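Engineer: Please see the structure below; I have some questions.
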Amino acid sequence: MLADDSEFEFSNPNWAENNYLASPLIDAGYERGQKADLENMGDREVDEVPHGEPVREPSGDEYLDPDTLVFTESPSEDVEGRYEEDFEAVFERIREETGKEVEYSRVDSYAASVEAMRSERAHIANFSTGATAFAVNLAGAVPFAVGLASDGAFGYRLFATTRAEAHDIQSVDDFARDEVTVGHAEESSNSGHQAPSALFDQQFDVTPGEDYEVNFSGGHSNTARGIAAGDYDAGPICSTCLKDTVDGDSSLEFDDFKVVWASNPFPNGPITYRYNLHPDIVEGVEAAWLDSDFSGTDYAERTDYTEFLPIEYRRHWYDIMTIQGYNDVQYEEGALSE
């Protein structure tokens, strides 16, 4: 079932019959979605959110108008190496649009980023995809923008991954065999746990935690390195995280990995503001991201996004909320992984 590199078709991978080495997928840019996918998400007819609560509406007597706006972000595979100066281009735009100073606040967990906004210690945040619904429900976050790369790519996919030489693993069905050890990233991760918990069950009748033991690796890069080292035989990995892991580790190659199935694209983590931020500040914050071209800046280099497009939580996060509802995720304090 391992297809030749030349046989990969972006629009029709035919996963029922094909496995692919990771290299042709990455070469084709398949680890990302396209602008059209993002537009299709925004065109969906969605009357109500499928799980949890919608974004909060402020009342006029509770607006926040701080002298300094605090920005934070959920940790991800590459956040450890980011510094305040990497955000200077967007921070300067916020200053221009709002007249406010901006401060960068570093946190070390998804829970800490959500708590920072809930307690009003952060006013603007970039949350991870899976943590966004927690931020909306617990912290009053309002997602308004996601990034787009210069080539029109956005987001990521779930890659069901194994080693290239694992000839006996040709489908997610094979993850359920007794001798196969499967690694997941962490409980709150969308592509590393939540999405496979729902999609593997729906599409393959393979239920993680029942049909195979879930071994939490602590992160996508750990899952990838664990598969390469033989600690895990397979696992769901965020596609862009797999790319970043291999690009950043000279001991790994894309041909070390085989992908037996991939999901449709998911949106990357959004830029959000707290729901009760003063409308004048909100207008300036939105303009800072949505009316700017960040090409050539450190911000674009570190995030890979040169521009940002508007989103609507109930439409663009519909799939994420549906997955979390399928998994009976409760948006409660303590339910978000540290």
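Engineer: Within region 42-143, report the chymotrypsin sites (Phe, Trp or Tyr not before Pro) that DSSP leaves as loop and that have at most 12 other Cβ atoms within 10 Å.
Structural biologist: Answer in residue order: Y83.
Engineer: Region 276-325 to region 145-197: how many Å between their Cα centroids?
Structural biologist: Centre-to-centre (Cα) distance: 25 Å.
Engineer: Going 7 Å from the Cα of E213 along its beta-carbon direction, which residues of region 161-181 have the amide nitrogen within less than 17 Å of the resulting point?
Structural biologist: Correct set: 175-181.
Engineer: Sticking with this structure for a sec: Can you tell me the alpha carbon radius of gyration of region 101-174 divided by the globular rule-of-thumb value 2.2 N^0.38 Å?
Structural biologist: Against the empirical 2.2 N^0.38 Å value, I get 1.59 for region 101-174.
Engineer: Additional query: Computed FRET efficiency, Cβ-Cβ of N12 and D65, R0 51 Å: what is it to the nearest 0.05?
Structural biologist: 0.45
Engineer: If the reach is capped at under 24 angstrom between alpha carbons, list the lysines near K35, excluding any in the same chain fewer than eight residues apart.
Structural biologist: K243
Engineer: Sketch the reach of a paramagnetic label on E57 as a point 7 Å from Cα along Cα-to-Cβ, and name the residues of region 309-338 whose backbone nitrogen lies under 16 Å away.
Structural biologist: Answer for region 309-338: 313-314.
Engineer: Average the reciprocal distances over every distinct pair of alpha-carbons in region 42-116, invert the result, and give the Kirkwood radius in Å.
Structural biologist: When all Cα pairs of region 42-116 are included, the Kirkwood radius is 15.5 Å.
Engineer: Related question: What's the long-distance tail for region 83-235, i.e. % of Cα pairs beyond 22 Å?
Structural biologist: 54 percent
Engineer: At 1.002 mPa s and 20 °C, plugging the Kirkwood radius over alpha-carbon pairs of region 197-316 into Stokes-Einstein gives what diffusion coefficient in µm²/s?
Structural biologist: Answer, rounded: 120 µm²/s.
Engineer: For Cα pairs less than 8 Å apart in space and 6+ apart in sequence, what is the mean separation divided by the residue count of region 115-260, i.e. the relative contact order in percent?
Structural biologist: So the answer I get is 29 percent.
Engineer: A further question follows. Which of the peptides 146-153, 258-265 is most tightly packed, and how do the rest follow, going by the mean number of other Cβ atoms within 10 Å of each residue?
Structural biologist: Answer by packing, highest mean first, reads 258-265, 146-153.
Engineer: What is the sum of charges around H193, taking Lys and Arg as +1, Asp and Glu as -1, for the other residues whose C-beta is under 11 Å from the C-beta of H193?
Structural biologist: -2
Engineer: Now for a different question. In percent, how large is the relative contact order of the chain, given Cα pairs closer than 8 Å and 6 or more residues apart?
Structural biologist: 30 percent
Engineer: Give me the 1.4 Å probe accessible area per residue for the chain, excluding ligands and nucleic acids, in Å².
Structural biologist: I get 43 Å² per residue for the chain.
Engineer: Pairs of Cα atoms under 8 Å, at least six residues apart: use those to get the relative contact order of region 44-161, whole percent.
Structural biologist: About 32 percent, as a whole number.
Engineer: How long are the three semi-axes of the equivalent ellipsoid for region 88-133, computed from the Cα gyration tensor as the root of 5 times each eigenvalue, in whole Å, largest first?
Structural biologist: 22, 11, 9
Engineer: How long is the gain from S105 to E39 if the chain were fully straight, where each residue apart is worth 0.36 nm and the alpha carbon distance is subtracted?
Structural biologist: Stretched out fully, the S105 to E39 stretch lengthens by 20.6 nm.
Engineer: Using only the alpha carbons, work out the radius of gyration and Dmax of the chain in angstrom.
Structural biologist: 19.9, 63
Engineer: Give the residue list of trypsin sites (Lys or Arg not before Pro) in region 26-104 that are DSSP loop and have at most 12 other beta-carbon atoms within 10 angstrom.
Structural biologist: R44
Engineer: Quick one: with all protein chains in place, what share of the accessible area of the chain is carbon or sulfur, to the nearest percent (1.4 Å probe)?
Structural biologist: Using a 1.4 Å probe with all protein chains present, the chain comes out at 39 percent carbon and sulfur.
Engineer: Restricting everything to alpha-carbon atoms, can you work out Rg to Rh for region 295-337 with a Kirkwood hydrodynamic radius?
Structural biologist: 1.19
The values are calculated or read from the model by the stated rules, or taken from the named source; none is laboratory data. All of these numbers come straight from a predicted model, not from anything done at the bench. With ideal geometry, Cβ positions are generated from the backbone for all residues, glycine too; neighbour counts draw on all protein chains shown. What goes into the accessible areas is simple: the full protein's heavy atoms, side chains included, and nothing from ligands, DNA or RNA. Shrake-Rupley method; radii C 1.70, N 1.55, O 1.52, S 1.80 Å.
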